[in-house]
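The next block holds one structure in the form of structure tokens; read it before the comments.
Each value in this text was obtained by applying a stated rule to the coordinates, not by laboratory testing. Remember, it's a predicted structure, so these values are computed and weren't measured experimentally. Backbone-built Cβ (ideal geometry, glycine too); neighbour counts: all protein chains shown.
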Amino acid sequence: MLERIKTLPGFPQKINYLRKIDPFVFEELLLEGFEAHGFRTIRNKRYTGDGGIDGQVIIGKYRYLIQAKRYRGHIALQHVQEFEKLLKRHNCRGLFCHTGKTGAGSKSVSIASERMEIISGQRLIDLLTPGSSFTIATAPQTMMKRTAATLETSTIVKDAGKENRYHES
């Protein structure tokens with residue numbers, strides 16, 4: 001599926017294609033994108049009744065929940081707020097991936113969040129383009145920097161201790 005994105009000529013065509021595909025296909029495409037960039041993913045056993053979790057990606061020792069939304073206009077602030085609450089309940093980080101526009105309210109929630117990163121626009125296209133320069137800006141140190149005026153060792157240990165770490169069994 002990622003090959004189809006590469007054949008489209010420019011950003012407008014690529015984002016319009018993503019807005020038109022089936023929502024479940026979009027979810028799968030995101031997981032394939034993460035895998036193409038070397039990240040391990042966890043797929044849901046079913047697409048419906050997933051509780052708002054459209055997949056998971058493992059980055060380092062951390063588990064990130066994925067929320068996939070296809071929008072034509074601005075993303076719903078309520079969806080961003082609900083995802084933030086879901087991340088708190090699961091005590092982990094998350095990636096809100098969407099095809100729309102990010103309004104001021106949604107940006108504020110994301111910036112204030114200790115757990116969430118929004119992936120949209122060119123970053124979304126980069127995620128879905130193997131070999132592109134896509135990176136995750138939500139490495140644990142980066143996210144902690146957003147919430148603490150200074151990064152003291154005690155803050156890092158305290159915050160890192162609360163994270164939902166992933167261990168292979």
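What to note about this one:
- Checking each residue of segment 85-93 against the condition of being of a type outside the set (A, V, I, L, M, F, W, C) and in contact with a helix residue (DSSP H, G or I) (Cβ under 6 Å, 6 or more places away or on another chain) gives no match.
- Considering Arg72, Arg43, Arg115, Arg89, the condition of being among the basic types (Lys, Arg) and surrounded by 15 or more Cβ atoms within 10 Å (Cβ to Cβ) is satisfied by Arg115 alone.
- In segment 6-18, the residues that are among the hydroxyl-bearing types (Ser, Thr, Tyr) form Cβ pairs under 9 Å with partners that are surrounded by 12 or more Cβ atoms within 10 Å (Cβ to Cβ) and not in a helix (DSSP H, G or I), at six or more places apart or across chains, as follows: Tyr17/Leu8.
- Matching residues, segment 119-137, being in contact with a Gly (Cβ under 9 Å, 6 or more places away or on another chain) and in a loop (DSSP other than H, G, I, E, B): Ser120, Leu128, Thr129, Pro130, Phe134
- For segment 19-36, a residue qualifies if it is surrounded by fewer than 17 Cβ atoms within 10 Å (Cβ to Cβ), free of Cβ contacts under 8 Å to residues at least 40 places away in the same chain and of a type in the set (A, V, I, L, M, F, W, C), and the qualifying residues are Phe24, Val25.
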